[in-house]
There are 2 protein chains.
Amino acid sequence: MTGKLKTGEFERIARFFAPLSKPVSGAFSLSDDTAVLDLTVGHQLVAASDTLVEGVHFFGDDPARDIALKLLAVNLSDFAAMGAHPKTYLLNIALPDSIDDTWLEAFSAGLAQGQEQYRVTLVGGDSVSTPGPLTLSLTLLGEIGKGRELRRNGAGEGDLIYVSGTIGDAALGLKLRQGELEGLVDEDRDYLLERYRRPTPRLALGQDLTGLARAAIDISDGLVADLMHMCRQSGLAAELAAPAVPLSFAGRAALDRDPALIEAVLTGGDDYELLFAVPEDRADEISALASKLDFALTRIGHFRAGEGVRIIDAMGDEIEFSSPGYRHF
Amino acid sequence: MTGKLKTGEFERIARFFAPLSKPVSGAFSLSDDTAVLDLTVGHQLVAASDTLVEGVHFFGDDPARDIALKLLAVNLSDFAAMGAHPKTYLLNIALPDSIDDTWLEAFSAGLAQGQEQYRVTLVGGDSVSTPGPLTLSLTLLGEIGKGRELRRNGAGEGDLIYVSGTIGDAALGLKLRQGELEGLVDEDRDYLLERYRRPTPRLALGQDLTGLARAAIDISDGLVADLMHMCRQSGLAAELAAPAVPLSFAGRAALDRDPALIEAVLTGGDDYELLFAVPEDRADEISALASKLDFALTRIGHFRAGEGVRIIDAMGDEIEFSSPGYRHF
């Protein structure tokens, strides 16, 4: 019941986490309890923080490397939605006794991989014991040019709605992981599982969208739910064309076998693609931007006056879902 | 297993946490997943983060208001040790089902009280469910003038060692809480319990010490352990005069009944007083500073060449402890 660290925890920090902090002088190799950092002149500090709990947000037997990458990715995705530039992060881990050095080694290797990929470094945090499940919080710090940030509330009437990449892969991957989806070929299975386990934050896209999109959000709660967030914040309604929603090859294969999966695709979370609003007269710029990317930017609907999200099928009829995930919105 | 928030969680944020964010425009009333903040020109960003777990760092039946204040205090204490100015914070809470609105109301009232007292505001974070114990992480953000920060590694040979306030009250309060300490009058009991439950971060003192002290640390792991941290980081040994360690009236009463409690006093954690190193020729400035405070600044030893912490009793003999807390250092 005290804040006292066991020697094991000092050694743990020195062995697994201090090496991740080396490139940043203000991290003091994690030897102090605070980190000191510079911001670029004319920029503002940006901060985001997410918590993942074993058994709630990931499976205890997921590879430790994937858990580390996902923890980074969900926070990087928040930055992507704003168009911000991540720089450093703090990591707070509550570890049950079951976590051993092998796990920590794989976990810190995942962080190192993510650090290299997204050019961020560890600068601080906390490591404690817990009698409960593994609980991981990451606070990402970075910057953005003053007034450049994309928000959820900037969409205008008539703006076009776009998404990046393909939608629903993570929800289908989760169904596979839970043994609820069968009959797919191995390649499609692997693809969907990978998309669930290792989301790709669209950082560069988010940065390219500042000054072009009027509002953006990352799809973490599900396409419909996150579109609803944007509608509420912007004081608008949205019309979403279900047939226009981009599917991966594997996602299409799953839906061909079971068309009812469209509900999971549209309401499932964890895709970490970007959903954004673009004025109609700037659609050409989105096409030009898309031509330089290795993933699609797809128009899926538009904003109009009113409130709520209306989902339209190929016949122009409204689709209604009964799932709890959707009912909330 | 998705990042999907229940409606209950949106309402919870709106009701209990969004009001805490109001004064800061960049917090967007917690409606976005990221916060945007300004730094004062010529200042650097400072960040610290601590995690408290129910059953490890606090008791589940501690008043929610105290838990909130302690969560803020342990992070503010890290800032105090550096001499930094706190501004905003992110809060990550993993809530078991047992947490109800009454608890959340008291918890957010505690945060509101701490916000007013220390002039900080909530700007973001995350709220998730957990099948395990209540787990609270707080990331404090603020600033410090470039190059002004106090670190652990700046102590010099011959520097005097000072502490603020009184030492050991929290360790004795914890013993009371655990039913391991008896025979004290109510007033002393209440005082020690209060010191354990509601630590006071020495923020203003830390800020006054920048440019005067050469190294500082807050006493969270215990006086001896934290002095050892400073020795290691500064490449020095320390001599600590046990009889000089300042005790509260209640602490003295406990030790008078059981002198063996000196071990708990010197090695117990959670006091959150400051321990700092001052060059001998600036001792007068510390006395002058102390005369303006409503708590003591007490000289308890000095640094010398070598390594390790030597604890000396009134006879000049070395004291050795056998407790696990001490053995580690």
**Item:** Answer residue from region A:207-258, given it is over 19 Å from residue A:289 (Cα atoms) and among the basic types (Lys, Arg) and is nearest to the other protein chains (Cβ to nearest Cβ) among those
**Value:** A:232
**Asked** Which members of region A:111-145 meet the condition of being more than 8 Å from chain B (Cβ to nearest Cβ), outside any helix (DSSP H, G or I) and out of contact with any strand residue (DSSP E or B) (no Cβ under 7 Å at 6 or more places or on another chain)?
**Response** A:119
**Request:** Check off (1) assigned to a helix (DSSP H, G or I); (2) touching a residue at least 60 places away in the same chain (Cβ under 8 Å); (3) of a type in the set (A, V, I, L, M) for residue A:176 and give me the number that stays unchecked.
**Result:** (2)
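Residues are listed down the side, and each one gets a yes or a no for (1) outside any helix (DSSP H, G or I); (2) at pLDDT below 95:
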| site | (1), (2) |
| --- | --- |
| B:220 | yes, yes |
| B:227 | no, no |
| B:231 | no, no |
| B:246 | yes, no |
| B:251 | no, no |
| B:265 | no, no |
| B:269 | yes, yes |
| B:272 | yes, no |
**Message:** Among the residues that make up region B:153-160, is at least one of them touching a residue at least 40 places away in the same chain (Cβ under 8 Å), in contact with a Pro (Cβ under 6 Å, 6 or more places away or on another chain), assigned to a loop (DSSP other than H, G, I, E, B) and among the charged types (D, E, K, R)?
**Reply:** yes
**Message:** Given the criteria aliphatic (A, V, I, L, M), assigned to a helix (DSSP H, G or I) and facing another protein chain (nearest Cβ under 9 Å), does residue A:53 qualify?
**Reply:** no
**Prompt:** Looking only at region B:40-51, which residues are among the hydrophobic types (A, V, I, L, M, F, W, C) and surrounded by fewer than 21 Cβ atoms within 10 Å (Cβ to Cβ)?
**Reply:** B:41
**Request:** Report yes if residue B:170 is part of a loop (DSSP other than H, G, I, E, B) and in contact (Cβ under 8 Å) with a residue 40 or more places away in the chain, otherwise no.
**Result:** no
**Prompt:** In region A:58-96, what residues are at the interface with another protein chain (Cβ under 9 Å from one of its Cβ atoms), buried (at least 24 other Cβ atoms within 10 Å of the Cβ) and in a loop (DSSP other than H, G, I, E, B)?
**Reply:** A:84
**Request:** Residues being more than 17 Å from residue A:296 (Cα to Cα) and surrounded by fewer than 21 Cβ atoms within 10 Å (Cβ to Cβ): count how many of those fall in region A:194-211.
**Result:** 4
**Message:** Given the criteria of a type outside the set (Lys, Arg), in contact with a Ser or Thr (Cβ under 8 Å, 6 or more places away or on another chain) and either surrounded by 24 or more Cβ atoms within 10 Å (Cβ to Cβ) or within 14 Å of chain A (Cβ to nearest Cβ) (or both), does residue B:156 qualify?
**Reply:** no
**Request:** Tell me which of these residue B:100 doesn't satisfy, since it passes every other one: (1) surrounded by fewer than 24 Cβ atoms within 10 Å (Cβ to Cβ); (2) touching a helix residue (DSSP H, G or I) at 6+ places or on another chain (Cβ under 8 Å).
**Result:** (2)
**Odd one out for residue B:214 among (1) under 17 Å from residue B:150 (Cα atoms); (2) out of contact with any Gly (no Cβ under 7 Å at 6 or more places or on another chain); (3) among the charged types (D, E, K, R)** = (2)
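Residue-by-condition table, conditions (1) in contact with a helix residue (DSSP H, G or I) (Cβ under 8 Å, 6 or more places away or on another chain); (2) under 17 Å from residue B:82 (Cβ atoms); (3) in the same structural domain as residue B:118 (by TED's automatic domain parsing):
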site: B:211; (1), (2), (3): no, yes, no
site: B:216; (1), (2), (3): yes, yes, no
site: B:247; (1), (2), (3): yes, no, no
site: B:261; (1), (2), (3): yes, no, no
site: B:294; (1), (2), (3): no, no, no
**Asked** When you go through (1) in a helix (DSSP H, G or I); (2) buried (at least 24 other Cβ atoms within 10 Å of the Cβ) one by one for residue B:288, which number turns out not to apply?
**Response** (2)
**Asked** Within region A:103-110, is there a residue that is buried (at least 24 other Cβ atoms within 10 Å of the Cβ) and either within 14 Å of chain B (Cβ to nearest Cβ) or outside any loop (DSSP other than H, G, I, E, B) (or both)?
**Response** yes
**Prompt:** With A:58, A:107 as the choices, which residue is free of Cβ contacts under 8 Å to residues at least 24 places away in the same chain and closer than 24 Å to residue A:174 by Cα?
**Reply:** A:58
**Request:** Could you tell me whether any residue of region B:302-319 is at pLDDT 95 or above and in contact with a Phe, Trp or Tyr (Cβ under 6 Å, 6 or more places away or on another chain)?
**Result:** no
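The values are calculated or read from the model by the stated rules, or taken from the named source; none is laboratory data. The model shown is predicted, which means the values in this text are computed figures rather than measured ones. Using ideal geometry, Cβ is built from the backbone for each residue, glycine included, and neighbour counts are taken over all protein chains shown.
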